[in-house]
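Novice: Once you've had a glance at the structure underneath, I'll fire off some questions.
Here, each number is a calculation from the coordinates, and none is a lab measurement. Remember, predicted model here, so these are calculated numbers, not experimental data. Cβ atoms come from the backbone with ideal geometry, glycine included; neighbour counts cover every protein chain shown.
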Amino acid sequence: MSVMLGAMTRWLDPDEQRTWRAYLTASRALMDALDRELQRDAGMPHAYYEILVRLSEAPDRRLRMSELADVTGSSRSRLSHAAARLEASGWVHREECPTDRRGQVAVLTDAGFAALAAAAPGHVEGVRRYLFDALSPAQADQLRRISEALADHLTG
């Protein structure tokens, strides 16, 4: 590398650089493919699908907006914009939080649950086709372990 940024920089060696670039390329391509399919088949981006999934798994299909932002890895402003779009579709509605007048709760509607139920089979098939069909069972296990290690390292 021709850029001199200091003697303490721990540059990537050639194998690490190939690993990093392969990871970036694969993760972007996977998410782009899943997003395109969800848009085409269910009329929603992957980010909206994730919001619907998280709400469907929550008690009474409801979560505080701040918690929903955290579990989806979204900023609060981005989540608020998405919630407004999901409300316009009739898939989510927001209520005032009963314990905190400043907070809001997102609630998955029956129509939102139906939209999720309709989208889920195609999405799961895409995950299987694009990810698991390309890996041996041992590789899938390694990917899970690597992903868990990264998530633990980054979140905690």
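Novice: Between 0 and 90 degrees, rounded to the nearest ten: what's the tilt of helix 14-42 against the longest Cα principal axis of the chain?
Specialist: 20 degrees
Novice: What distance in nm separates the two pseudo spin-label positions at GLU148 and ARG28, each 7 Å out from Cα along the beta-carbon direction?
Specialist: The modelled label-to-label distance comes out at 3.0 nm.
Novice: What is the range 38-155's relative contact order, in percent, from Cα pairs under 8 angstrom and six or more apart in sequence? Don't skip to the answer; put the middle values down first.
Specialist: Values: 107 pairs, mean separation 27.7, N = 118.
After rounding, I find 24 percent.
Novice: Between (i) 41, 34, 30; (ii) 90, 32, 27; (iii) 54, 38, 26, which entry matches Cα extents along the principal axes in Å as derived from the coordinates of this structure?
Specialist: (iii)
Novice: Same structure, new question: Would you pull out the residues with amide H under 5 Å of CYS97's amide H, same chain only if 5 or more places away, H placed 1.01 Å from N?
Specialist: Answer set, sorted by chain and number: GLY103, GLN104, VAL105.
Novice: Hey, another quick one. To test your reading of the geometry: what angle, between 0 and 90 degrees and rounded to tens, separates the Cα axis of helix 46-57 from the longest principal axis of the chain?
Specialist: Tilt of helix 46-57: around 60 degrees.
Novice: May I pose another question? Sum -39500 (n - 2.57) across every DSSP H segment of at least 4 residues in the chain, then divide by the residue count to get the 222 nm mean residue ellipticity, nearest 500.
Specialist: Values: 6 runs with 102 residues, N = 156.
Only helices count here, giving -22000 deg cm²/dmol.
Novice: Still on this structure, I have one more. Taking amide H positions as placed in the peptide plane 1.01 Å from N, state which residues far from MET44 in sequence (5 or more) or on other chains have amide H under 5 Å from it.
Specialist: Here GLN39 satisfy the definition.
Novice: Output the 0 to 90 degree angle, nearest 10, between the alpha-carbon long axis of helix 137-155 and the longest principal axis computed from the alpha carbons of the chain.
Specialist: So the inclination is approximately 80 degrees.
Novice: While we're here: Order the peptides 76-87, 26-37, 46-57, 139-150 from the highest to the lowest mean number of other Cβ atoms within 10 Å of their residues.
Specialist: Details: 76-87: 15.9, 26-37: 14.0, 46-57: 19.8, 139-150: 11.0.
Output ranking for 76-87, 26-37, 46-57, 139-150: 46-57, 76-87, 26-37, 139-150.
Novice: Per residue of the range 78-90, in order, report the coupling 6.51 cos²θ - 1.76 cosθ + 1.60 (Karplus, θ = phi - 60°) as ³J(HN,Hα) in whole Hz, putting x for Gly and Pro.
Specialist: 5, 5, 4, 5, 4, 4, 5, 5, 5, 5, 4, 7, x
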